[in-house]
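Notes to accompany the following structure.
Just so you know, all these numbers are worked out from the coordinates, no wet-lab data involved. Please read all numbers here as calculations on a predicted model, not as lab measurements. Reconstructed Cβ throughout: ideal geometry from the backbone, glycine too, with neighbour counts over all protein chains shown.
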Amino acid sequence: MHDESIRQYDGLSENYHWLYSDYVLSGALALKEYDDVLRSAGQKARILDCSCGIGTLAIPLAKRGFEVCGSDASQGMVEQAMLAARNAGVSIPLSCCTWEELPNRFAGPFDLIFCLGNSIGHARGGDEMLRSLQGMRAVLKTGGKLVIDSRNWEQLRKEKTRFTPYPQWRERAGQRCLPMYIWNFPERFEDAHTIEVVLLFDSGGNVSLRSYPIVYYPFHFEELVERLRCAGFSAIDKFSDNEAEYRVIAS
């Protein structure tokens, strides 16, 4: 992830929780979605969440008894994850670093690595993505698994939906927020795509708007597979519950 994306997430970090429902923030959804992977890894598995954000996966994993570490390229996100972990009463080693820096920050090896939240789309092009995947592979034990999820960029560009509002207001601590995404599609697939995260706040009738542009670099699924293979992964499986996104498990 490059400096521009890091700054964008630093600015968003304190309000990032508005993008999630209370159910998602609790970790219940993630534990349910990845129950098969976690059971396969075993209760004694050492797990790295290398796109930990504000801790929505790392914290419930730690509360479930796993040995968990977390990393994120955004210092703001890591600080929010540290705060959330303290409030949850769990101890999680957290580090602010890029994927390429993982071997210098964590001794490894890990049994299981998660890279979720469409995060891999922040790698600028094939070379940077390859180096990022190599960084993950370097701290993963032989036979371990890497779980990545991604938006289906081909489908998104086919539909070209400009506005994605959330279905309802979220209310917390006397404040209401309605999040929405505004998508910008350049002419060429390989060009940077900007998704504007817009948060509409209502505090006692006082309405305000905050906007955070987030840059992504689309890729085809076949390109991801090829880069995984070049990074040292062999068994690569794709899973999808809908056309909009998919997850990949590589070992």
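Taking the Cα centre of the chain as origin, work out the dipole magnitude from +1 charges on Lys and Arg Cβ and -1 charges on Asp and Glu Cβ, in debye rounded to 20.
Details: 28 positive and 33 negative charges, 120 e Å.
Dipole of the chain, to the nearest 20 debye: 580 debye.
Just 185, 110, 239 to compare: in a GNM of the chain, with alpha carbon springs under 10 Å, which one fluctuates most?
239
Give the relative contact order (percent, whole number) for the chain; include only Cα pairs under 8 Å separated by 6+ residues.
Values: 486 pairs, mean separation 42.4, N = 251.
After rounding, I find 17 percent.
Ordered by residue, what ³J(HN,Hα) values in Hz, to whole numbers, does the range 80-95 give under the Karplus form 6.51 cos²θ - 1.76 cosθ + 1.60, where θ = phi - 60° and Gly and Pro are x?
5, 5, 4, 4, 5, 5, 4, 5, 8, x, 10, 10, 10, x, 10, 9
Among 124, 210, 188, whose mean-square fluctuation peaks in a Gaussian network model of the chain (Cα, cutoff 10 Å)?
Greatest mean-square fluctuation among the candidates belongs to 188.
Averaging over every viewing direction, what projected area does the convex hull of the Cα atoms of the range 155-215 cover, in nm²?
Details: hull surface 19.3 nm².
That works out to 4.8 nm².
In the structure displayed, which of 32/141; 44/141; 145/238; 63/141; 32/145; 160/238 lie more than 20 Å apart, Cα to Cα?
Working: 32/141 24 Å; 44/141 14 Å; 145/238 13 Å; 63/141 23 Å; 32/145 18 Å; 160/238 24 Å.
Checking Cα-Cα distances, 32/141; 63/141; 160/238 exceed 20 Å.
What is the packing order of peptides 221-228, 55-62, 160-167, taking the mean over residues of other C-beta atoms within 10 Å and listing the highest first? Don't skip to the end; give the middle numbers.
Numbers: 221-228: 16.5, 55-62: 25.4, 160-167: 10.5.
Ranked from most to least packed, the peptides come out as 55-62, 221-228, 160-167.
State the label only: which of (i) 50; (ii) 34; (iii) 39 corresponds to percent of Cα pairs over 26 Å apart computed from the shown model?
Only one option fits the structure, namely (iii).
Pairs of Cα atoms under 8 Å, at least six residues apart: use those to get the relative contact order of the range 155-215, whole percent. Working shown, then result.
Values: 105 pairs, mean separation 16.2, N = 61.
Relative contact order comes out at 26 percent.
Take the chain, connect every pair of alpha-carbon atoms lying under 10 Å apart with a spring to form a Gaussian network, then pick out the residue of 234, 203, 91 with the largest mean-square fluctuation.
Evaluated over the chain, the most mobile residue of the options is 203.
Assuming R0 = 25 Å, can you tell me the calculated FRET efficiency for the pair residue 245 and residue 87, based on Cβ-Cβ distance, to the nearest 0.05? If you can, show how the numbers build up before the last one.
Working: r = 30 Å, r/R0 = 1.18.
E(calc), rounded to 0.05, equals 0.25.
Over the range 145-251, calculate the relative contact order: mean separation of alpha carbon pairs under 8 Å at least 6 apart, over the residue count, as a percent. All intermediate terms of the calculation are to be shown ahead of the outcome.
Values: 181 pairs, mean separation 32.1, N = 107.
Contact order relative to length: 30 percent.
So for each of 35-43, 64-72 I average, over its residues, the number of other beta carbons within 10 Å; can you give me the resulting order with the highest mean first?
Numbers: 35-43: 12.9, 64-72: 21.4.
My ranking of the peptides, most packed first, is 64-72, 35-43.
Tell me what the chain gives for mean residue ellipticity at 222 nm when only DSSP H runs of n ≥ 4 count, each as -39,500 (n - 2.57), the sum divided by the residue total, rounded to 500 deg cm²/dmol. Don't skip to the answer; put the middle values down first.
Working: 10 runs with 82 residues, N = 251.
After summing the helix terms and dividing by the residues of the chain, the value is -9000 deg cm²/dmol.
Just to check I understand the Karplus step: with θ = phi - 60° and J = 6.51 cos²θ - 1.76 cosθ + 1.60, what whole-Hz values come out for the range 200-211, glycine and proline as x?
So the J values, rounded to whole Hz, are 9, 9, 10, 10, x, x, 8, 9, 9, 10, 10, 10.
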